[in-house]
Amino acid sequence: MNILLRFLIALVAFGSSQIGFTQPAASASMNRAAQISQARQANAALMHHYMWNSRTEIIVQGQVKDIRIDQVSYGPYGQLQRTTLNDQPAASGLMLPTPIGFLRRAIAASEKEQMEQFLTGLKGMLEQYTLPTTGKILDFISSATPSGPDANGMFRLSGNSVVQPGDTLTLWVNAWTQHVHQIQVNTTFQGSAVQLSSTFATVPVSGLNYAAYSEATVPDKQLSVQVQNYNFARLGY
């Protein structure tokens, strides 16, 4: 449960980065990549001073199979820690109610394990779209196509084959604040098309940028994972 939370926190750090809107020369790209790395590290450090709520829903075939609300913060040694505020499985969690009979129960448990393994693998694949190293950031901004601003003052950076052939990663960036406003990923995992969309918000005063709402969908499995982060409160240290 909450299987994409770590990915979203990594995504938050990338979303805080300041990104140029013109196609720069090689040396300028290297400088920009370094600046982005520094900005994301600063935003990640700032997040350690906050506590927030995270609501996760897992939806299969149009039915909510699990809902969980966690209070999330970082521990004294930098570890992510969660306190469950509410956990409401629909039926028996990810799967339908377990039928009577040992063999059929085993089949139901196997299906649940397969789903959990799929979600874990999906998280690992999507984490690559956070562009975790300066080199990955450099590759993206050097090849991304900029456009805009649109009617809402958003510039767009779009790149293809960022992690694997045929995928797309698109960022919408606020021209005034230079904060990422939205991220969209279209990719594949284990032969299935996957879409990820995240919308960002900013905490007033401190400027912490975070993924307010994210959804990962796998249409051919009729699977959706939705995560909402809210109630950010500054800790007393």
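Each reported figure results from applying straightforward, stated rules to the coordinates on display, with no laboratory input. In this text the structure is predicted, and so the values were computed from the model without any measurement. Virtual Cβ from ideal backbone geometry, glycine too; neighbours counted across all protein chains shown.
Remark: the Ala193-Gln79 segment gains 37.8 nm on full extension, using 0.36 nm per residue and subtracting the alpha carbon distance. Seen from Tyr213, the other residues with C-beta closer than 14 Å to its C-beta sum to a net charge of -1, counting Lys and Arg as +1 and Asp and Glu as -1. Once you order the gyration tensor axes a ≥ b ≥ c over the Cα atoms, which shape class does segment 111-237 get: rounded for a/c under 1.5, otherwise prolate or oblate by comparing a/b with b/c? Here segment 111-237 falls in the oblate category.
Using the Cβ atoms and a cut-off under 12 Å, what net charge is assigned to the surroundings of Val194, where Lys and Arg are +1 and Asp and Glu are -1? Net charge in that neighbourhood comes out at -1. If R0 is 22 Å, the Cβ-Cβ spacing of Glu113 and Asn186 corresponds to a FRET efficiency of close to 0.20.
Count Lys and Arg as plus one, Asp and Glu as minus one, and take only other residues whose Cβ is under 12 Å from that of Tyr129; the net charge is then 0.
A Förster radius of 41 Å, combined with the Cβ-Cβ distance separating Ala175 from Gln61, puts the computed FRET efficiency at roughly 0.50.
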